[in-house]
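The values are calculated or read from the model by the stated rules, or taken from the named source; none is laboratory data. Worth saying up front: this structure is predicted, and the values here are computed from it rather than measured. Here the Cβ positions follow ideal geometry from the backbone for every residue, glycine too, while neighbour counts run over all protein chains shown. These accessible areas exclude ligands, DNA and RNA; they are computed on the full protein's heavy atoms, side chains included. Shrake-Rupley method; radii C 1.70, N 1.55, O 1.52, S 1.80 Å.
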Amino acid sequence: MKAIVFVKEVPETPEGVSVSENGQVQAAGGGNFLTDPIDPFAIETALQLKDAKGGEVHAVTAGNSRAEKILKEALAMGVDNSYLVADDAIEGSDPNAIARVLAGAAKKIGDYDLLVTGDRAADDNASIVTAALAQLLDIPVLTFVSEIREFDADAMKIRVVRTLENGRQVVEATLPAVISVVKGIHEPRYPSLLGIRKASKREVPTWSLADIGVDPATVGAAGSPTKIRSLDPPPAPSGVEMITGSAEEMAATLVQRIMDKKVL
Amino acid sequence: MKDFVALDYFNMEELYTDEEKAVRNSVRDFVSNQFMPGIEHHFEECTFPTELIPRLAALGVFGSNLPEEYGCAGINNVAYGLVMQELERGDSGLRSFVSVQGGLAMFAIYSFGTEEQKQEWLPQMAEGKKIGCFGLTEPDYGSDPGGMITTAKKTDKGYVLNGAKMWITNGTMADIAVVWAKLDGRVRGFLVEKGTPGFSSKETKGKFSLRASDTSELILADCEIPAANLLPESDGLVSPLACLSSARYGIAWGVLGAAMDCYHRALTYAKERKQFDKPIAGFQLVQRKLVWMASEITKAQLLAYRLGRMKDEGQAKFNHVSMAKRNNCAMALECARLARDIMGANGITSEYHVIRHMLNLESVKTYEGTHDIHALIIGQDLTGEAAFR
């Protein structure tokens, strides 16, 4: 089994996200960057397959040298190798162009059975890269995976549970395939202290676009037809309603609220 | 309660390496997600969360500054200190468990054991499959351990131990006890396995402090152990004191975590709690308390950090450890008391956590060398005069 997990660094807070001049999501200056909170679930999914089936797990991100930190976190969790694709031409890429870069990295690693991503990134919430990867590599895509029921690299078959807003689907695909996983598919392991120490001493190979055979004209601003016009933070959670009145009135109001929300 | 925000008033973050920060963050996440949900229950019930032992082992916190060849993580002493900080942010009982396992029991075997003893015990202890304790203090010999009356006598098969040890963390759950006893009048270390005839333990009841921690008495009544269970490199009181110095180093960092948690909780509370139509954080007397806490925590962070770097460079001496342990424990206890004070009546409940820290820190200030004894150790170093002899 050979899996590649695509990880991403995101700003620590929603306030750290803005729109660049060329219409792409970018990090506002000065803030801290973290591994996307969904990524440990994707890494854990691949590591559990490796634990069960044997094989190897690789992690890849596209960005600048700062992103080496999240690749070392992936190494500390237990992936076998991490790779950084860093090239000035990637700046300003939309999700399709990023998928083109990641597909190039996947081809360079080669012989993969499974590509794994999170279901959506914390900064743009776009959920585009997974599907775009599948299109570019001409392999099946299974999104919003909450469980892997069956994985057989020899028979080239995967069966998963997809968790959707209106229910669950059990679907099969041939391998190789791309999957995106949802939070809760597994409990991510904590990077062990030994893993962290070893990872900190590892060199993370850095690839340019030339190294992975991607034409610079197909990425960056030139290769990104999608432009974001504006970006708004998610609405704040609704406030608390204080119910007033006599005990009977408060009880009646509470029951009504519960019925209105269809809790019962 | 808002997620924990660590006080870092003097940008300590710049001083730590990426590796040290990654170690801290992993333990911080573990404590927040795995330990905190159960601590109120365990403190109330006087139990240690034994179900976490395999997960703590997988994280690699047992003997984490000992070498990888014995199954340990081999992190440096600053990273080790940050591990202790994060564990004690959860509870002093959690940090005590890990300190005794690694800083005392494993350290004793590593420092004074044979290669066979190290190979037999250290990997299993790092994996949490064997739990260790450390028996030095006796009912009548606390600050004066050299007066111990536990004896070892040579026999044809090995050694016979007689005596009793008090206030032994992990004593009842331990698979292996490092017991200090006088052999021909000289303090030596011995490994006593659980189940050895003549060896028993009794849990200490009625504690108002370190309730989520196993504290026990060890009883050795004609307890015969094999000759191979002597720690051959141990020789004199200096040997257990070296172990204590290792564990005290961890305490100097650990209590920072408790103090930082108290500060975070008190600050959050003071901003949210309104009296006289404004948050109590806006009152001068409350601000004075918060400023004292922030200032003393910052000074203690710098002290621990410098001590850690000195330890990694081989410059730290036991008197430096004494100063850090003494200062930081007293500081943390006062922070907990001030946090409790800021929280008023709410501060006495387990839901607000600070009184749990406060009760724990009364023990931590006392164990592994009391506040006063550490003053005498530093005093002796400064003046050349031993005030305790």
Open item on the list: So, residue A:111, is that one on the phi > 0 side of the Ramachandran plot, in contact with a strand residue (DSSP E or B) (Cβ under 9 Å, 6 or more places away or on another chain) and of a type in the set (Asp, Glu) or not?
Closed with: yes
TODO: May I ask you to say which residue of A:203, A:241 is farther than 21 Å from residue A:135 by Cβ and at pLDDT below 90?
DONE: A:241
Task: Cβ pairs under 6 Å, 6+ apart, first in region A:100-112 and more than 18 Å from residue A:174 (Cα to Cα), second among the β-branched types (Val, Ile, Thr) and open to solvent by less than 10 Å² (accessible area, probe 1.4 Å) - done: A:100/A:219; A:101/A:85; A:101/A:219; A:105/A:60; A:105/A:85; A:109/A:4
Open item on the list: Quick test of your reading of the structure: residue A:66 fulfils all but one of (1) surrounded by 17 or more Cβ atoms within 10 Å (Cβ to Cβ); (2) touching a residue at least 24 places away in the same chain (Cβ under 8 Å). Name the failing condition by number.
Closed with: (1)
- [ ] Check region A:141-155 and report whether any residue there is within 14 Å of chain B (Cβ to nearest Cβ) and of a type outside the set (Lys, Arg).
- [x] no
TODO: Would you mention how many residues in region B:20-47 are under 19 Å from residue B:126 (Cβ atoms) and open to solvent by 20 Å² or more (accessible area, probe 1.4 Å)?
DONE: 1
- [ ] Scan region A:30-49 residue by residue and report those that are in contact with a strand residue (DSSP E or B) (Cβ under 9 Å, 6 or more places away or on another chain) and not in a helix (DSSP H, G or I).
- [x] A:31, A:32, A:33, A:34, A:35, A:36, A:37, A:38
Task: Matching residues in region B:59-87 - criterion: being within 11 Å of chain A (Cβ to nearest Cβ), without any contact (Cβ under 8 Å) to a residue 40 or more places away in the chain and in a helix (DSSP H, G or I) - done: B:59, B:68
Open item on the list: Return the residues of region A:59-73 that are more than 19 Å from residue B:21 (Cβ to Cβ) and over 14 Å from the mean Cα position of the chain (by Cα); say none if nothing qualifies.
Closed with: A:63, A:64
- [ ] Give just the number: which of (1) crowded, with 24+ Cβ neighbours inside 10 Å; (2) assigned to a helix (DSSP H, G or I) does residue A:52 not satisfy?
- [x] (1)
Task: Qualifying positions in region A:246-260 - among the β-branched types (Val, Ile, Thr) and modelled with pLDDT of 90 or more - done: A:253, A:255
TODO: May I ask you to verify whether residue A:147 is over 30 Å from residue A:232 (Cα atoms), surrounded by fewer than 22 Cβ atoms within 10 Å (Cβ to Cβ) and touching a helix residue (DSSP H, G or I) at 6+ places or on another chain (Cβ under 9 Å)?
DONE: no
Open item on the list: Can you go through B:261, B:214, B:235 and tell me which one is acidic (Asp, Glu) and open to solvent by 20 Å² or more (accessible area, probe 1.4 Å)?
Closed with: B:235
- [ ] Just need a number here: residues in region B:135-170 that are open to solvent by less than 70 Å² (accessible area, probe 1.4 Å), in contact (Cβ under 8 Å) with a residue 24 or more places away in the chain and either in a strand (DSSP E or B) or under 16 Å from residue B:229 (Cβ atoms) (or both).
- [x] 17
Open item on the list: Among the numbered criteria (1) touching a Pro at 6+ places or on another chain (Cβ under 9 Å); (2) surrounded by 17 or more Cβ atoms within 10 Å (Cβ to Cβ), which one does residue A:226 miss?
Closed with: (2)
TODO: May I ask you to verify whether residue A:89 is crowded, with 19+ Cβ neighbours inside 10 Å, touching a helix residue (DSSP H, G or I) at 6+ places or on another chain (Cβ under 8 Å) and not β-branched (Val, Ile, Thr)?
DONE: yes
- [ ] Using the structure shown, decide if residue B:112 is open to solvent by 10 Å² or more (accessible area, probe 1.4 Å) and touching a strand residue (DSSP E or B) at 6+ places or on another chain (Cβ under 8 Å).
- [x] yes
TODO: Filter region A:174-201 down to residues that are open to solvent by less than 40 Å² (accessible area, probe 1.4 Å) and in a strand (DSSP E or B) and give me whichever is farthest from the other protein chains (Cβ to nearest Cβ).
DONE: A:177
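Per-residue answers, yes or no, for (1) surrounded by fewer than 20 Cβ atoms within 10 Å (Cβ to Cβ); (2) aliphatic (A, V, I, L, M); (3) touching a Cys at 6+ places or on another chain (Cβ under 9 Å); (4) closer than 29 Å to residue A:165 by Cα:
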| site | (1), (2), (3), (4) |
| --- | --- |
| A:71 | no, yes, no, no |
| A:99 | no, yes, no, yes |
| A:110 | yes, no, no, no |
| A:126 | yes, yes, no, yes |
| A:132 | no, yes, no, yes |
| A:138 | yes, no, no, yes |
Task: Test result for residue B:94, more than 14 Å from chain A (Cβ to nearest Cβ), among the hydrophobic types (A, V, I, L, M, F, W, C), in contact (Cβ under 8 Å) with a residue 12 or more places away in the chain and open to solvent by 50 Å² or more (accessible area, probe 1.4 Å) - done: no
Open item on the list: Could you tell me how many of the residues in region B:335-364 are open to solvent by 60 Å² or more (accessible area, probe 1.4 Å) and under 18 Å from the mean Cα position of the chain (by Cα)?
Closed with: 1
Open item on the list: Out of everything in region A:73-86 that is within 14 Å of chain B (Cβ to nearest Cβ) and either open to solvent by 50 Å² or more (accessible area, probe 1.4 Å) or in a loop (DSSP other than H, G, I, E, B) (or both), what residue ends up being farthest from residue A:219 (Cα to Cα)?
Closed with: A:78
Open item on the list: Is it the case, given these coordinates, that residue A:44 is open to solvent by 30 Å² or more (accessible area, probe 1.4 Å) and modelled with pLDDT of 85 or more?
Closed with: no
Open item on the list: Take the conditions within 12 Å of chain A (Cβ to nearest Cβ), of a type outside the set (A, V, I, L, M) and outside any loop (DSSP other than H, G, I, E, B) and apply them to residue B:34. Does it pass?
Closed with: yes
Task: Number of the exception - residue B:247 against (1) outside any helix (DSSP H, G or I); (2) surrounded by 15 or more Cβ atoms within 10 Å (Cβ to Cβ) - done: (1)
TODO: Within region B:13-27, track down each residue that is over 16 Å from residue A:202 (Cβ atoms), within 10 Å of another protein chain (Cβ to nearest Cβ) and hydroxyl-bearing (Ser, Thr, Tyr).
DONE: B:26
